[in-house]
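Just below is one structure, and these are the notes that go with it.
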Amino acid sequence: MLNAFELQQKLVAAAMPSGHERRCGDVIAELARPFCDEMWYTPTGSLVCHKKGDGKRLMFAAHMDVIGFIVTYVSDEGYVSFTNIGGHNPAALVNTKVVFVNGVRGIIRLRKQPDKVGAPATAVTLRDLYIDIAATNRAEAEAMVNVGDLAMFDTVPQQIGDHCMMSPYCDDLAACCVQLMAMEQTGASKNDLYFVFTVQEELGLKGAITATNCIEPYMGIAIDLCYSGDEPAADMEMPVRVGGGPTVKIKDASVMCSPAVVKHMRAVAEQNDIPYQNEIIIAGGTDTAAMMHNAKGALAGCMSLPGRNIHSPCEIVSLSDMENGARLIAACAMAEL
Ligand SMILES: [Zn+2]
């Protein structure tokens, strides 16, 4: 049986930023092959895993792209300027270790240090940051990295606490793991099932939009992360906590989930004794919106894994939430529509 933490280790090792997902897709395809009848990549690059059924088309979507960095300039001194791929908090990036796809390592530094220790922090923008790869001049640096090269967080998954992992790219590779685990658990179903690993979610849901137009689902359920109400930096008071079970999303900044899907997911969870939490978040969006307003329109909802420190090199999610999430997605895949 697939193991949540081991899957995360495999996917993080293959992770690539938005637009370059094929390396991760090929690892996922090998893992997913025994659990579906056919699979293919859409022209945009999303991996579609089809488990045939005579009933209504049900689409699940977890995005396999991750946030990252791309080199924009190398200075005479050998320092590397970059811009973002996906959403980053520039202030939180200072002194973050990164690794380029070719294995070169570096650290993100702030161009202008505060005048004195303890001085109030001023707003940091991406232009205030650069990557130090320990080169001493441009030629030395360009022998290692060049404009257009991609970098990612240089951290690895670790198990911490009672039931959690701390890992880069839980968003959304932990959800990809959940989708794989759910595929393994999905037995006979009347539904015509499409488990999709989408691309470029972090750049505007490109993979989900195009995959939805191909599949034209009756119902779509995204699998992603949501903020958790149990950390001091929480955006708002909310009842969601890490370890309390996967969530059934009601609303986020981009979508009001279809009431019929919310009701269906809750009923399936209750029938199968799966703990769940009710999610409303005020920032962020997911592939849910893409599934709802593309093709001919679909009923759409989302299941989230509560996460702390999202979009950082050390996101925290609960392995037990992942296990319960896989149970809920599998149960939804098998439930009559
Ligand atoms: Zn995400």
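Here is how the numbers come out for the structure above:
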{"quantity": "Residue count, the range 290-309 (criterion: within 16 Å of the ligand (Cβ to nearest atom), outside any helix (DSSP H, G or I) and not charged (D, E, K, R))", "calculated": "9"}
{"quantity": "Hey, D154 touching a residue at least 60 places away in the same chain (Cβ under 8 Å) and within 15 Å of the ligand (Cβ to nearest atom) or not", "calculated": "no"}
{"quantity": "Residue tally, condition without any contact (Cβ under 8 Å) to a residue 12 or more places away in the chain and touching a helix residue (DSSP H, G or I) at 6+ places or on another chain (Cβ under 6 Å), over the range 16-38", "calculated": "1"}
{"quantity": "Residue that is within 16 Å of the chain's Cα centre (by Cα) and either closer than 30 Å to I108 by Cβ or part of a loop (DSSP other than H, G, I, E, B) (or both), where the choices are S254, S312", "calculated": "S312"}
{"quantity": "Hey, A260 in contact with a strand residue (DSSP E or B) (Cβ under 8 Å, 6 or more places away or on another chain), crowded, with 21+ Cβ neighbours inside 10 Å and either among the aliphatic types (A, V, I, L, M) or in contact (Cβ under 8 Å) with a residue 60 or more places away in the chain (or both) or not", "calculated": "no"}
{"quantity": "Which numbered condition D287 misses (of (1) among the acidic types (D, E); (2) more than 16 Å from the ligand (Cβ to nearest atom); (3) under 29 Å from L31 (Cα atoms))", "calculated": "(2)"}
{"quantity": "Selected residue (criterion: nearest to D287 (Cα to Cα)) from residues of the range 302-315 that are crowded, with 22+ Cβ neighbours inside 10 Å and in contact with a Lys or Arg (Cβ under 8 Å, 6 or more places away or on another chain)", "calculated": "C302"}
{"quantity": "Odd one out for A208 among (1) over 23 Å from E30 (Cα atoms); (2) within 17 Å of the chain's Cα centre (by Cα); (3) surrounded by 22 or more Cβ atoms within 10 Å (Cβ to Cβ); (4) not acidic (D, E)", "calculated": "(1)"}
{"quantity": "Residue check for Y169: within 19 Å of L47 (Cα to Cα), within 16 Å of the ligand (Cβ to nearest atom) and not β-branched (V, I, T)", "calculated": "yes"}
{"quantity": "Complete set of residues in the range 194-249 that are farther than 16 Å from A298 by Cα, more than 15 Å from the ligand (Cβ to nearest atom) and either of a type in the set (S, T, N, Q) or assigned to a strand (DSSP E or B) (or both)", "calculated": "V248"}
{"quantity": "Contacts under 9 angstrom Cβ, first residue in the range 100-113 being loosely packed, with under 14 Cβ neighbours inside 10 Å, partner modelled with pLDDT of 95 or more and assigned to a strand (DSSP E or B), 6 or more apart", "calculated": "R111/L129; R111/Y130"}
{"quantity": "Restricting the range 257-284 to residues that are touching a Phe, Trp or Tyr at 6+ places or on another chain (Cβ under 8 Å) and either of a type outside the set (G, A, S) or away from the ligand (no atom under 14 Å from the Cβ) (or both), the residue that is modelled with the lowest pLDDT", "calculated": "I281"}
{"quantity": "Test: residue in the range 161-180 that is closer than 17 Å to G87 by Cβ and part of a strand (DSSP E or B)", "calculated": "no"}
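Yes or no, residue by residue, for (1) among the polar types (S, T, N, Q); (2) within 16 Å of the ligand (Cβ to nearest atom); (3) over 15 Å from Q200 (Cβ atoms):
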| position | (1), (2), (3) |
| --- | --- |
| L7 | no, no, yes |
| G45 | no, no, no |
| D65 | no, yes, no |
| K97 | no, no, yes |
| I107 | no, no, yes |
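The values are calculated or read from the model by the stated rules, or taken from the named source; none is laboratory data. Since we're looking at a predicted model, the values are computed, not measured. All Cβ positions, glycine included, derive from the backbone under ideal geometry; neighbour counts span all protein chains shown.
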